[in-house]
Amino acid sequence: MPEGDTIFRSARTLDRALAGKPITGFRSVYPLLTRFHDDNPLTGRTVERVESRGKWLLIHFSGGATLVTHMLMTGSWHIYKPGERWQRPSSSARVVLENPDYHAVAFDVPLAEMHTAQSLARDGRIPAPAGDLLSTGFEAEAAIARILAEPDQELGNILTRQHVLAGVGNVFKSEACFAARLHPFRKVATLTRAQVANIVAVARKQLASNVLEDSPNTIVTYHGIGRRTTNKINPSANLWVYGRTGQPCRECGEFIRSRKQGPDARFTYWCPRCQPTPDDSDIEG
């Protein structure tokens, strides 16, 4: 599933193509979207801005309407010039927005909804800007409080709860825990406030480093090709621990371990030496 950095870059690209320009064409395979358009035409409206909120992408139109999409595992937005050949089959298009200069196409996006400002504010699935790690309005103190309010949760689980910390997914969960030297399976109750504040800052820094203008499309945390969370120069070494089960830790040489975690049973990765916990012997790799 795309993480917050990917959605941020998509929103930035869409904003550059759509913002300030009138919509000249709209179509969708989703009945609720077409019904909205029939009753409240999007054609003729101007796109005011496009933003990301965690893993959600929001396109704001003049007149108060907002198109909200979530990529889940399969979706993606593409930008084309009028007449340019699409890279995906038209049967995969779920939403198409057109202006005089560009066509924005949402391929295989499973969630697409129209909102008013009021319904958007009421929707608990979509985080407010204050909860989004990549938002200029991110409120760190509030995020720290939300994490500390879940003492029985494992750290790796709580980091991916979008209502707690919007933007972190499975990759950044493992990478931030490693960079903060915190075991992802330890309970929040075992952490100090300073440790929680630090991992929030680390996660924000890692995400931010992957949305720079020259950032590639893959996460690098260990400096190299793709997403960056490390500071190494080997182009094949772009992550500290994620996806590296059984390989030596880039810091200490201990073998990286992994285990399924959380209700979605996603794999979490850690170094048992760099990220010790009193209960480490009870956690099987």
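Could you tell me whether segment 166-178 includes any residue that is open to solvent by less than 50 Å² (accessible area, probe 1.4 Å), under 15 Å from Lys55 (Cβ atoms), touching a strand residue (DSSP E or B) at 6+ places or on another chain (Cβ under 9 Å) and in a strand (DSSP E or B)? Yes, some residue in segment 166-178 is open to solvent by less than 50 Å² (accessible area, probe 1.4 Å), under 15 Å from Lys55 (Cβ atoms), touching a strand residue (DSSP E or B) at 6+ places or on another chain (Cβ under 9 Å) and in a strand (DSSP E or B).
Annotation: of all residues in segment 24-65 being under 20 Å from Thr136 (Cα atoms) and among the charged types (D, E, K, R), the one that is surrounded by the fewest Cβ atoms within 10 Å (Cβ to Cβ) is Arg49.
Residue count for segment 165-208, restricted to those that are free of Cβ contacts under 8 Å to residues at least 40 places away in the same chain and under 13 Å from the mean Cα position of the chain (by Cα): 2. Taking (1) of a type in the set (S, T, N, Q); (2) under 17 Å from Leu14 (Cα atoms); (3) modelled with pLDDT of 95 or more in turn, Ser76 satisfies each apart from (3). Scanning segment 124-149 for residues that are surrounded by fewer than 19 Cβ atoms within 10 Å (Cβ to Cβ), out of contact with any Pro (no Cβ under 9 Å at 6 or more places or on another chain) and among the small types (Gly, Ala, Ser) turns up Gly124, Ala128, Ala130, Ala140, Ala142, Ala145, Ala149. Of the strands (runs of 3 or more DSSP E) lying entirely inside segment 66-123, none contains at least 1 residues that are exposed (fewer than 13 other Cβ atoms within 10 Å of the Cβ) and under 23 Å from the mean Cα position of the chain (by Cα).
The values are calculated or read from the model by the stated rules, or taken from the named source; none is laboratory data. If you're wondering where the values come from, they're calculated on a predicted model, not measured in any experiment. With ideal geometry, Cβ positions are generated from the backbone for all residues, glycine too; neighbour counts draw on all protein chains shown. For accessibility, only protein heavy atoms count, side chains too; no ligands or nucleic acids. Shrake-Rupley method; radii C 1.70, N 1.55, O 1.52, S 1.80 Å.
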